[in-house]
Amino acid sequence: MSSISHILAGMIILAVLIIIVSIIIYNRRLDKVVKGELHDTHNPIPEPKTTAGVLYKTILIVIVSVSLISIGALSGTLISLQGTVQDLETTNSEIRSQVCFLQEMVEEQNKEVSQCDLYFENVDYDTQTAEMIVKVRLKKFADDTEATLTINGNNVVLQKDEIENGVYCGSVKVGFFEELTDAPILIKTAGIYSAESIPFGGSLAWNFFPFPAISGHFSTDRTGGKLKYEGAYTILLADDTESATFDLPKVTDAKLTYMTSGRDLKTVDITRQVLNGEEIVLEQGLDLENDLTLCVELTTDLGFKISQEYMVLHEGPYDPEKDEMRWIEDPSGTVIWERSMRD
């Protein structure tokens, strides 16, 4: 930019000199004409005013051209800087990810518990209780190692497994709807204590009921003030055949209620489609407002009802306070468990 400034300054100085020389020459010729030394009144030298105007316009053109070139150069520099900033942000994000990964690796290496599994026995749907078997695998252990796990205020002494080395097991009676978050475990080896926290998955309800899940494709289009929609979905049921130590209640009946803005539109029977895993096409002709919510209700052979709402279509801002819900009713129709999809 300094070289451009020098060039412009040189042009202005040169223009001023040209105008001064032009004035001097023009005045000398005019003086000769007045004295009668020249009879040709035509002056090949333009008037200083004309010369100044031409030079002024020339300098303006040069300034505008230089400015446009400079702006283009600055735009290119700005784009380059933006690309550099984005590259730096990407690099910074990658570095943070790597640091987090390394921290997780270090934390994982420092943990004494490598695995924790839960199993359920003596499952009683009348009392909605079960015996939860906890199986913990330690990375480091000795013949005198002792382990105690605290679950919801209950101290569970874990016994050494006679078959698998480093495995310690214990049991505690739990309710179907207890919430298990983090459980501290205290480990003692050669008189030295260590402790850490074992994360659990929250509500135990997922282990005892066949909650539905929905898989589908949906689309909307507003034409003439009405919300047009289309799509299809499949209701999936929890499969416990491989890992569970007991049988989940069997689904005997399934209903679907179409809802919009919190009000029911239509209820249809989908028992056959759910039990066979068939795809279900959305009911047409529904008078939708700004959303479409599907409420699936499953009835089991033990009389429990599992209901779950899914908002599959919506326009405009989404209100998290009106999130999808799921709940369970006992055979008497009393709601015994409910929560938001966000929980």
**Fill in**
From the option list 338, 278, 297, single residue qualifying as modelled with pLDDT of 95 or more and in contact with a strand residue (DSSP E or B) (Cβ under 9 Å, 6 or more places away or on another chain) is 297
**Request:** Report whether or not residue 200 is of a type outside the set (Gly, Ala, Ser), outside the structural domain of residue 302 (by TED's automatic domain parsing) and in contact with a Leu (Cβ under 7 Å, 6 or more places away or on another chain).
**Result:** yes
**Message:** Which residue is modelled with the lowest pLDDT, if the candidates are limited to region 102-116 and must be of a type outside the set (A, V, I, L, M, F, W, C) and not in a helix (DSSP H, G or I)?
**Reply:** 111
**Message:** Where the second residue is surrounded by 13 or more Cβ atoms within 10 Å (Cβ to Cβ) and aliphatic (A, V, I, L, M) and the first is within 24 Å of residue 123 (Cβ to Cβ) and touching a residue at least 40 places away in the same chain (Cβ under 8 Å) and lies in region 159-171, which pairs have Cβ atoms under 9 Å and are six or more apart or on separate chains?
**Reply:** 171/132; 171/133; 171/134; 171/156
**Request:** List the number of the failed condition for residue 321; all other conditions in (1) modelled with pLDDT under 85; (2) in contact with a Phe, Trp or Tyr (Cβ under 8 Å, 6 or more places away or on another chain); (3) under 23 Å from residue 218 (Cα atoms) hold.
**Result:** (2)
**Request:** Output the number of residues of region 261-275 satisfying the condition of being touching a strand residue (DSSP E or B) at 6+ places or on another chain (Cβ under 9 Å) and closer than 25 Å to residue 334 by Cβ.
**Result:** 7
**Item:** residue 136 being closer than 30 Å to residue 306 by Cβ, of a type in the set (A, V, I, L, M) and either surrounded by 11 or more Cβ atoms within 10 Å (Cβ to Cβ) or more than 36 Å from the chain's Cα centre (by Cα) (or both)
**Value:** no
**Request:** Only residues that are assigned to a strand (DSSP E or B) and loosely packed, with under 14 Cβ neighbours inside 10 Å: list them for region 252-299, please.
**Result:** 252, 263, 264, 266, 267, 268, 269, 281
**Request:** Consider residue 158 carefully, then state whether it is within 28 Å of the chain's Cα centre (by Cα) and more than 30 Å from residue 253 (Cβ to Cβ).
**Result:** no
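Residue-wise test of (1) touching a residue at least 60 places away in the same chain (Cβ under 8 Å); (2) touching a His at 6+ places or on another chain (Cβ under 8 Å); (3) farther than 18 Å from residue 226 by Cα; (4) in the same structural domain as residue 222 (by TED's automatic domain parsing).
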site: 254; (1), (2), (3), (4): no, no, yes, yes
site: 269; (1), (2), (3), (4): no, no, yes, yes
site: 277; (1), (2), (3), (4): no, no, yes, yes
site: 282; (1), (2), (3), (4): yes, no, no, yes
site: 285; (1), (2), (3), (4): no, no, no, yes
site: 288; (1), (2), (3), (4): yes, no, no, yes
site: 292; (1), (2), (3), (4): yes, yes, no, yes
site: 296; (1), (2), (3), (4): yes, no, yes, yes
site: 301; (1), (2), (3), (4): no, no, yes, yes
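The values are calculated or read from the model by the stated rules, or taken from the named source; none is laboratory data. This one's a predicted model, so the numbers in the text were calculated from it and none came from an experiment. Backbone-built Cβ (ideal geometry, glycine too); neighbour counts: all protein chains shown.
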